[in-house]
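These notes concern the structure reproduced below.
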Amino acid sequence: MTGKRCIIVVALLVLLAGAPALAEEGGDKLALKRAAIDSMATQTVKRLLAESERARELADHAVAYAVFDAFEAAFILSGGGGVGVAVDDRTGERTYMKMGTGGIGLGVGGHSFQLVFLFDSTDAFRRFVSKGWQADTAANLAAGTAGKNTASTFHQGVAVFQLTTKGLIAQANISGTKYWKARKLNR
């Protein structure tokens, strides 16, 4: 074997030996991201249930939930996005998801917030996870941590709560929001 071939063979062996470590590193990053999303979801649900008696009542009847950490900015056009997890209470199965929103209207500012969806039926939950589309018309004002939208009942199997964490936004717009499975996080 010539010197060049020997170097190539050794280099290939080193690469092959290191491949599992590289795969684990990618897996570790995904595991850390999932853990961060799970922690955010747990903290958000605790906060919602501590702050809202109505949320506690609806949570008692829910079969599943989803929690998203999101950000939205507006200046005539609005846009935002976030990540979250949908959890089936019966099985404990978790589906990691992403969200994106965009719209047009009157608005200025930005805010970060968490959304909590409570589902009163398995069908409503499955529809959300598989189709995940929600069209909105919004008019809201959120300042600091005071901005909250509260749901009073389940509508078509879903109750939605919004908890504002920080920012300032005033808007009246027509927007659409899409929720979808995060392919990489669900491996």
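Screening the stretch 38-63 for residues that are more than 16 Å from residue 163 (Cβ to Cβ) and either of a type in the set (Ser, Thr, Tyr) or in a helix (DSSP H, G or I) (or both) and picking the one that is modelled with the highest pLDDT gives 38.
One residue alone among 125, 71 is aromatic (Phe, Trp, Tyr) and surrounded by fewer than 22 Cβ atoms within 10 Å (Cβ to Cβ), and that residue is 71. Those residues that are open to solvent by 20 Å² or more (accessible area, probe 1.4 Å) and among the aliphatic types (A, V, I, L, M), I need them from the stretch 74-121; list them, please. Selection gives 76, 77, 83, 104, 106, 108. Of all the criteria given as (1) of a type outside the set (A, V, I, L, M, F, W, C); (2) at pLDDT below 80; (3) open to solvent by 40 Å² or more (accessible area, probe 1.4 Å), the one not satisfied by residue 144 is (3).
The values are calculated or read from the model by the stated rules, or taken from the named source; none is laboratory data. Just so it is clear, the model here is predicted, and its values are computed rather than measured. Note that each Cβ is placed from the backbone with ideal geometry, even for glycine, and that neighbours are counted across all protein chains shown. Surface accessibility is based on the protein's heavy atoms, side chains included, excluding ligands, DNA and RNA. Shrake-Rupley method; radii C 1.70, N 1.55, O 1.52, S 1.80 Å.
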